[in-house]
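Chemist: Take this structure first; my questions come after.
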Amino acid sequence: MSADAIIEAKSVTKTFGGPAEPVVALDHVSAAILRNEFFTLLGPSGCGKTTLLRLIAGFEMPDSGEIRLDGEEIGHLPPNKRPVNTVFQSYALFPHMTVRENIGFGLLMQGRAQTEIREIVDRMLELVRMVEMAERKTDQISGGQQQRVALARALAPQPKVLLLDEPLSALDYKLRKEMQIELKRLQHETGITFVFVTHDQEEALTMSDRIAVMSNGKINQIGSPREIYTHPVNRFVADFIGETNFIEAQLEKGVARLAGGARVAIETGHADGAVTLAVRPEHVRIATQGAQGAIPATVADSVYFGTDSHVYLALDDGTEVVARLGTDASGHSGPEAGDKVFVDFAPGSVQVLEA
Amino acid sequence: MSEVQKQADRKNARNAWALSAPALLVLTVAAVGPLLIILIYSFLLPGKYGNVEWGFSFDAWRGILVSKDIFDGTYKLADAHLTIFWRSVKLSLLTTVFTFVVGFPTAWFIATRPPRWRAALLFLITIPFWTNLLIRTFAINQIIRNEGLFNTAMIQLGLIDQPIVIIYTDFAVFLGMTYVYLPLMVLPLFAAIDRFDMRLLEAGYDLYASRMQVLRRIIVPIVKPGIIAGSILVFIPSLGAYVTPRILGGGRNMMIGNFIELQFGAGRNWPLGAALSMTLLIIVMVALLVYVRFANRDGGHG
């Protein structure tokens, strides 16, 4: 694997429940997380993303497989022997300690000197902009502030990797947006590798350097947000990340033929046979009749969103397709329900998924 | 302040007094009144056949610490009384510490079971409460006396040839009190541990704390209110225990409770009994003050 990997998971399997009714949380998962990157584990609840995080943290031990940190096998070390720290979903701040004591706890347990602890904690307070709150108890600060303290507490011992378990899910929308930017800034300033767990695809797309999309205990795809959005490897990834239209088609000599007879141009290099085409709604366009690749369709409904309108179309063969059409200055939002129109797809926008 | 305002305030004050009258009445009749009687009795003279004779005297209070020689009339330290006080405090402290040592793991175990189990286990803890204290204490007596279950079994098994003398020792009293008061320690500890957020343990381990450090720096400070409540609930009744030392300690290993009873019975010295009762009350108050001080230290999560 890459020499630049800070964490390597090799064929990690984890099962919960007794031998009678085992529940497989992770099924031979392998992944490499690179040094200094913002790496996101993305997937629906129950996909195994939190389990993988807890295995890296040491709260769970793998049934089989290896977890390496800086090339060293750590899969069976207890959490207090691993140079990684966690920001918990519930924050798990110590209620009997002040903000300062919370942030300094890890350093104190590492046996650092008092003066050094003070110095680092002061720096952390500044980093997360909580200097005035240092002597407060954790129940005297707001949710967003608790979030910052949890971050500072996990960053203070300068871990090799920071693990974040859905840390923004308890915040309201506006605060969440702020914290997303804040997290990126912290990652940039500290240069620590962040491993971030979320089920929010928008959060994953905007924050990550790379994303691992997980489902049913397996990693479907690892790649940059752009790669994952534009080139999803399978139907699950295409569906989970953003909105996607799925259209069944037959490949014949490099050309996709829809059930209604229309032909769609695709990238080369795919074997003939039954496939699923994936097209993002923003890549569906209104075409003129008779143009090459124009597909006849009927407008079922049209919903105006301000910046664009979502037009629900039915192709001749009954396949439902959503198009996002930009609105012009006059506020005219394109075709109305019942209209007969022709559509095509933006060049290079059609992804071929193995059916 | 306007006249109308003042009138309204006075009316409010009158209403407040009227509304709290029932509570004040109950407090006066049930708490202040009896205490006052005891306090007054402690400054009177003992009657020949019990009761008191009217006449102011410090004898009873002096009698707690010193005793008068019946032959030459000299005063010397009443070391028998002090032994009883010391035994009471010592056994109560031992009982408190030991019920904590046994009760904490028990409460932790119960609090970490699934909810269905928890109710059943808590019920088991409280079962002894449904039985009369006398019967329970006599049951312990039956087990630990020289010809009792324990010694018979040990002799039958050939482990010992002479019975181990447990009954009528301080240890027997300690054993009995630990058994009787253990639920009073377990229940408040359970309540505190039940509220404890177990996710904090993971946070502690994650931040490089060892198991002992997690216990000392996270668990104990957070469940401290439960520890203090349990300690008070065990220590105070232990200090005034009567039945347990009477049945398991015999006549020689008296505690304050038995000593007080003696003054009102065979001793026929009601004023001394009253003075001893007040002393017990003072010891309890001092102990409570120390606890409260301890509880309020570092931030006061009490």
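The values are calculated or read from the model by the stated rules, or taken from the named source; none is laboratory data. Model, not experiment: these values are computed from the prediction. Neighbour counts run over all protein chains shown; Cβ positions are idealised from the backbone, glycine included. Calculation scope for accessible area: heavy atoms of the full protein, side chains included, ligands and nucleic acids excluded. Shrake-Rupley method; radii C 1.70, N 1.55, O 1.52, S 1.80 Å.
Chemist: Give me a comma-separated list of calculated 3J(HN,Hα) values for region B:33-41, in order, Karplus coefficients 6.51, -1.76, 1.60 applied at θ = phi - 60°, integers in Hz, x for any Gly or Pro.
Modeler: x, x, 4, 4, 4, 4, 4, 5, 4
Chemist: Continuing with this model, one more query. Kindly identify the protein assembly as shown as rounded, prolate or oblate by the Cα gyration tensor criterion: order the square roots of the eigenvalues as a ≥ b ≥ c, call it rounded if a/c is under 1.5, otherwise compare a/b with b/c, prolate if a/b is larger, else oblate.
Modeler: prolate
Chemist: In addition: Please work out the C-alpha center-to-center distance from region A:69-131 to region A:197-246 and express it in whole Å.
Modeler: 31
Chemist: While we're looking at this one, here's another question. Quick one: what are the phi-derived ³J(HN,Hα) couplings along region A:26-36, Karplus 6.51/-1.76/1.60 with θ = phi - 60°, whole Hz, x for glycine and proline?
Modeler: Working through the residues one at a time gives 9, 10, 6, 8, 10, 7, 10, 9, 7, 4, 6 Hz.
Chemist: Within region A:267-355, report the chymotrypsin sites (Phe, Trp or Tyr not before Pro) that DSSP leaves as loop and that have at most 11 other Cβ atoms within 10 Å.
Modeler: In loop regions of region A:267-355 (DSSP not H, G, I, E or B), the sparsely surrounded chymotrypsin sites (Phe, Trp or Tyr not before Pro) are A:305.
Chemist: Using Cα pairs under 8 angstrom and six or more residues apart, how large is the relative contact order of region B:78-296, in percent?
Modeler: Answer for region B:78-296 is 27 percent.
Chemist: How do B:140, A:286 rank by accessible surface area computed with a 1.4 Å probe, from largest to smallest?
Modeler: Sorted descending by solvent-accessible area, the residues read A:286, B:140.
Chemist: Across chain A, where is the longest run that never hits trypsin sites (Lys or Arg not before Pro) in a DSSP loop with at most 12 other C-beta atoms within 10 Å?
Modeler: A:1-128
Chemist: Suppose a student asked you for the relative contact order of region A:243-354, using Cα pairs under 8 Å spaced at least 6 residues apart; what percent would you report?
Modeler: Reported as a whole number, the value is 30 percent.
Chemist: Find, among the chymotrypsin sites (Phe, Trp or Tyr not before Pro) in region B:8-66, those assigned to loop by DSSP (not H, G, I, E, B) with at most 11 other beta-carbon atoms within 10 angstrom.
Modeler: Here the chymotrypsin sites (Phe, Trp or Tyr not before Pro) that fit, given the DSSP loop and packing criteria, are B:49, B:54, B:56, B:58.
Chemist: Using only Cα atoms, tell me the angle between helix A:99-109 and the longest principal axis of chain A; keep it within 0 to 90° and round to the nearest 10.
Modeler: The helix A:99-109 is inclined about 70 degrees to chain A.
Chemist: In whole angstrom, note down how far apart the Cα centers of region A:11-34 and region B:64-93 are.
Modeler: For region A:11-34 versus region B:64-93, the Cα centre distance is 71 Å.
Chemist: Given a Förster distance of 35 Å, report the FRET efficiency between residue B:76 and residue B:169 from their Cβ-Cβ distance, rounded to the nearest 0.05.
Modeler: 0.80
Chemist: Do you know the relative contact order of region B:27-66, to the nearest whole percent, from alpha carbon pairs under 8 angstrom that are 6+ apart?
Modeler: 30
Chemist: Now, a different point. Quote the FRET efficiency, to the nearest 0.05, computed for residue A:189 versus residue A:90 with a Förster distance R0 of 25 Å and r equal to the Cβ-Cβ distance.
Modeler: In this case the efficiency is close to 0.45.
Chemist: For region B:192-293, what is the accessible area per residue in Å², given a 1.4 Å probe and the full set of protein chains?
Modeler: Result: 43 Å² per residue.
Chemist: Taking the Cα of residue B:281, stepping 7 Å toward and past its beta carbon, and measuring to each backbone N in region B:10-44: which are under 20 Å?
Modeler: Of the residues in region B:10-44, B:23-44 have backbone N under 20 Å from the label point off residue B:281.
Chemist: Only helical DSSP H runs with n ≥ 4 go in: add -39500 (n - 2.57) per run for chain A, normalise by residue count and round the 222 nm mean residue ellipticity to 500 deg cm²/dmol.
Modeler: My calculation for chain A gives -7000 deg cm²/dmol from helical runs alone.
Chemist: Return the percentage of antiparallel bridges among DSSP beta bridges fully within chain A, rounded to the nearest 5 %.
Modeler: 75
Chemist: Counting other C-beta atoms within 10 Å, and keeping those with at most 15, which DSSP coil GluC sites (Glu not before Pro) do you find in region A:252-355?
Modeler: A:267, A:336
Chemist: Return the single residue from A:207, A:133, A:109 with maximal mean-square fluctuation; model: Gaussian network over chain A, springs between Cα atoms under 10 Å.
Modeler: Sorting by GNM fluctuation, first place goes to A:109.
Chemist: Could you calculate the FRET efficiency of residue B:135 with residue A:27 from 1/(1 + (r/R0)^6), where r is the beta carbon distance between them and R0 is 41 Å, rounded to 0.05?
Modeler: The computed FRET efficiency comes out at 0.10.
Chemist: Enter the buried accessible area of the B/A pair, total of both sides, probe 1.4 Å, in Å² rounded to the nearest 100.
Modeler: Rounded to the nearest hundred, the buried surface is 2000 Å².
Chemist: I want to verify a result. In a Gaussian network model of chain B, Cα cutoff 10 Å, which of these has the top mean-square fluctuation: B:92, B:57, B:238?
Modeler: Evaluated over chain B, the most mobile residue of the options is B:57.
Chemist: Could you provide, to the nearest whole Å², the per residue accessible area of chain A with probe 1.4 Å?
Modeler: 45
Chemist: Considering only protein heavy atoms and a 1.4 Å probe, what is the carbon-and-sulfur percentage of the accessible area of region A:5-235?
Modeler: Carbon plus sulfur share of accessible area: 50 percent.
Chemist: Give the distance, in whole Å, between the Cα centre of region A:296-321 and the Cα centre of region B:128-152.
Modeler: If you average the Cα positions of each part, the centres end up 84 Å apart.
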